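Notes follow the structure.
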Amino acid sequence: MSQITPYNNTESKKEQVAQMFDNIAFRYDFLNSLLSLGIHKGWRKKCIKLIADKQPKYILDVATGTGDFAIAAMKLNPTKVIGIDISEGMMKFGREKLQKLHLDKTITLQYGDAETCDLADNSMDAITVGFGVRNFENLEKGLTNMLRILKPGGQLCVLEFSSPQQFPVKQFYKFHFKYITPTLGRMFSKDTRAYTYLPESIKAFPDNERFTAILEKVGYKNATFSSVGLGLAAIYLAEK
Ligand SMILES: C[S@@+](CC[C@H](N)C(=O)[O-])C[C@H]1O[C@@H](n2cnc3c(N)ncnc32)[C@H](O)[C@@H]1O
């Protein structure tokens with residue numbers, strides 16, 4: 001995967017990504033809903049349904065941001081949900097949301113890097129990642145570390161944007177990302193680069209079969225994917 005970075009400066013991708021999300025955190029939830037017309041909420045719900053069978057009690061939400069995936073996981077009646085992220089700015093807004101929803105006892109958001117965090121081996125029944133893996137500096141390192149943390153038989157569920165290939169979604173997507181996304185992103189987030197980085201990083205991301213191949217390569221079993229939103233995103237499931 002070519003290394004697409006938010007600001008093309010000399011800092012590492014990780015530092016740039018954390019800075020970008022710190023910058024846009026105050027508008028992240030609003031822009032997410034505006035740009036996707038709210039569709040992303042249904043995708044997270046679908047992910048949660050897919051991992052419900054095994055009734056996971058200890059859930060890790062990697063790249064939790066403002067905590068939406070962790071909140072969606074409450075449907076599973078978990079004992080504990082831990083959300084980790086490298087952007088303190090995003091988690092600040094997430095923690096405020098959790099307090100308002102009275103979920104701050106069950107869900108804890110804490111600083112943690114997918115690639116290096118030292119949560120215990122075999123400690124989580126399920127791991128979720130929503131729109132996070134595309135932003136990892138070292139994708140395989142992040143996936144390998146999450147595999148270490150999963151319990152044997154535990155499930156990884158990744159939700160990530162894909163590059164749609166079918167007419168007319170492909171054409172709509174190109175138009176949206178060329179004109180609408182950067183314009184609205186600039187208007188509302190004050191970060192001129194964040195919403196041009198978004199389509200560039202999606203284009204560079206090894207989606208669909210390429211991603212399941214990477215999951216299998218680093219040691220996951222039964223890696224599958226299903227497209228959602230007419231190919232705008234995909235849900236990946238894999239087991240330890
Ligand atoms: C697009 S947001 C997604 C937030 C949330 N999961 C959602 O579904 O809305 C991506 C998040 O990934 C985080 N991130 C990027 N690289 C990371 C890493 N190596 N470890 C943990 N979080 C990371 C960013 O800081 C950002 O908050």
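The values are calculated or read from the model by the stated rules, or taken from the named source; none is laboratory data. Note that the coordinates shown come from a computational prediction; the quantities given were computed from them, not determined experimentally. Note: ideal-geometry Cβ built from the backbone for every residue, glycine included; neighbour counts use all protein chains shown.
Against the conditions (1) on the phi < 0 side of the Ramachandran plot; (2) in contact with a Leu (Cβ under 8 Å, 6 or more places away or on another chain), where does residue 89 fall short? Just the number, please.
(2)
Can you say whether residue 14 is on the phi < 0 side of the Ramachandran plot, assigned to a helix (DSSP H, G or I) and surrounded by fewer than 16 Cβ atoms within 10 Å (Cβ to Cβ), as far as the supplied structure shows?
no
So which residues in the stretch 142-183 are within 24 Å of residue 32 (Cβ to Cβ), aromatic (Phe, Trp, Tyr) and free of Cβ contacts under 8 Å to residues at least 12 places away in the same chain?
172, 175, 179
Got a sec? Which of 22, 61, 29, 85 is at pLDDT below 95 and within 13 Å of the ligand (Cβ to nearest atom)?
29
Can you pull out the residues in the stretch 184-230 that are crowded, with 18+ Cβ neighbours inside 10 Å, free of Cβ contacts under 8 Å to residues at least 40 places away in the same chain and small (Gly, Ala, Ser)?
Listed by number, the list holds a single entry, 223.
Would a scan of the stretch 138-152 turn up a residue that is touching a Gly at 6+ places or on another chain (Cβ under 8 Å), closer than 26 Å to residue 81 by Cβ and either β-branched (Val, Ile, Thr) or part of a loop (DSSP other than H, G, I, E, B) (or both)?
Yes, the conditions are met somewhere in the stretch 138-152.
So, in the stretch 5-23, how many residues would count as being in contact with an Asp or Glu (Cβ under 7 Å, 6 or more places away or on another chain) and closer than 15 Å to residue 204 by Cβ?
1
Here is a yes/no grid of residues against (1) away from the ligand (no atom under 13 Å from the Cβ); (2) modelled with pLDDT under 95; (3) under 14 Å from residue 130 (Cα atoms):
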residue	(1), (2), (3)
40	no, yes, yes
48	no, no, yes
66	no, no, yes
80	yes, no, no
93	no, no, no
109	no, no, no
